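S.K.: Got a structure for you, written out below as structure tokens; questions coming shortly.
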Amino acid sequence: IPVLPPDVNESFAKFTLIKSPEGDTIRFGLESIKNVGSNIVDAIITERTTNGRFASLTDFAERVRHKDFNKKSLESLIKCGAVDELGERNQLLGNLETILDFNRESQKAKGGGQVSLFSLAPEVQVASLRLKPSEPADKRNRLQWERELLGLYVSEHPFQDYAEKFKSKKVTALKDLTVSMRNQKVSIGGLVSAIQKITTKSGEPMLFVKLEDLTNRTEVLVFPKVLARNPAIWQEEKILLIRGRVSDKDGTPKILCEEAVEMV
């Protein structure tokens, strides 16, 4: 079942199964977004459930009334894709203050019992949130934001663009690594998702690298001599082709790196 990014018009607090004639999907829960607390999540869901879907960005900014509708929470909602239906991410980020100012003025008007001019005149409502233009966010930034705020890539995986290239390299999919392959030489490819640097007893640096492809993730040990050959490639988000031997220490297959190159 496909897992979709969070959406202010469809997500609930937790992961939710969405049934439709086109096929079932699972929506990411709003409470899973970093920097978005349960109070603002409850406010969004309650408003949507009571008064219907948010028809536009202006509609969303006017109807969500809570003190936690602030720069931190709105920025996180935008970056992870939860507001994609209402606007392009980079443009929304470039107009955060405009959106927040409108939200505050709307709250003041309704709190004082005034009738909002914007609700009386739709054409004025649209003009009230006319956003400054901006270049769309590129795919790399969008995916990085998803990983930062949701803990994983949701809309797609950066490695997907390189999958075809690796077919000609005869790489072993990470899901196919097993402890029975101990000491075998293999080639693997993937995205560097995390790096831990330590210093050996001899005072030299080495790395423990988390590598992931579209099937699984594994740990790669990079010893000092291998690291010294091309230290610059060992960075998070890099796509690497790695050759090495399988180790079964701790009962989990890992790779002792012998050679690595960056795929561009």
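The values are calculated or read from the model by the stated rules, or taken from the named source; none is laboratory data. Not measured: the values here are computed from a predicted model. Here Cβ is always computed from backbone atoms with ideal geometry, including for glycine, and neighbour counts include all displayed protein chains. The protein model used for the area step is the full one, side chains on, heavy atoms only, and it has no ligands, DNA or RNA in it. Shrake-Rupley method; radii C 1.70, N 1.55, O 1.52, S 1.80 Å.
S.K.: So for segment 203-218 (the condition being of a type in the set (Phe, Trp, Tyr), closer than 17 Å to Val261 by Cβ, at pLDDT 95 or above and under 29 Å from the mean Cα position of the chain (by Cα)), does at least one residue qualify?
M.R.: no
S.K.: Where residues in segment 67-93 are charged (D, E, K, R) and within 12 Å of Leu149 (Cβ to Cβ), which of them is least open to solvent (accessible area, probe 1.4 Å)?
M.R.: Arg89
S.K.: Separate question: Checking the conditions here, which among Leu30, Leu57 is more than 23 Å from Phe15 (Cα to Cα) and crowded, with 19+ Cβ neighbours inside 10 Å?
M.R.: The conditions single out Leu57.
S.K.: Could you list, in sequence order, the residues of segment 156-168 that are part of a loop (DSSP other than H, G, I, E, B) and loosely packed, with under 15 Cβ neighbours inside 10 Å?
M.R.: Residues satisfying the conditions are Glu156, Ser168.
S.K.: Just need a number here: residues in segment 1-33 that are part of a loop (DSSP other than H, G, I, E, B), touching a residue at least 60 places away in the same chain (Cβ under 8 Å) and under 14 Å from the mean Cα position of the chain (by Cα).
M.R.: 5
S.K.: A follow-up question, please. Tell me whether segment 94-101 contains one or more residues that are assigned to a helix (DSSP H, G or I), open to solvent by 10 Å² or more (accessible area, probe 1.4 Å), hydroxyl-bearing (Ser, Thr, Tyr) and farther than 28 Å from Tyr153 by Cβ.
M.R.: yes
S.K.: Yes or no: Leu152 within 30 Å of Ser76 (Cβ to Cβ), assigned to a loop (DSSP other than H, G, I, E, B) and in contact with a His (Cβ under 8 Å, 6 or more places away or on another chain)?
M.R.: Criteria not met by Leu152.
S.K.: Check off (1) open to solvent by 40 Å² or more (accessible area, probe 1.4 Å); (2) within 25 Å of Lys72 (Cα to Cα); (3) of a type in the set (Ser, Thr, Tyr) for Ser20 and give me the number that stays unchecked.
M.R.: Going through the list (1) open to solvent by 40 Å² or more (accessible area, probe 1.4 Å); (2) within 25 Å of Lys72 (Cα to Cα); (3) of a type in the set (Ser, Thr, Tyr), Ser20 breaks only (2).
S.K.: I would also like to ask the following. From the set of residues in segment 208-228 that are open to solvent by 10 Å² or more (accessible area, probe 1.4 Å) and part of a strand (DSSP E or B), which is farthest from Asp248 (Cα to Cα)?
M.R.: Filtering first and then ranking leaves Glu212.
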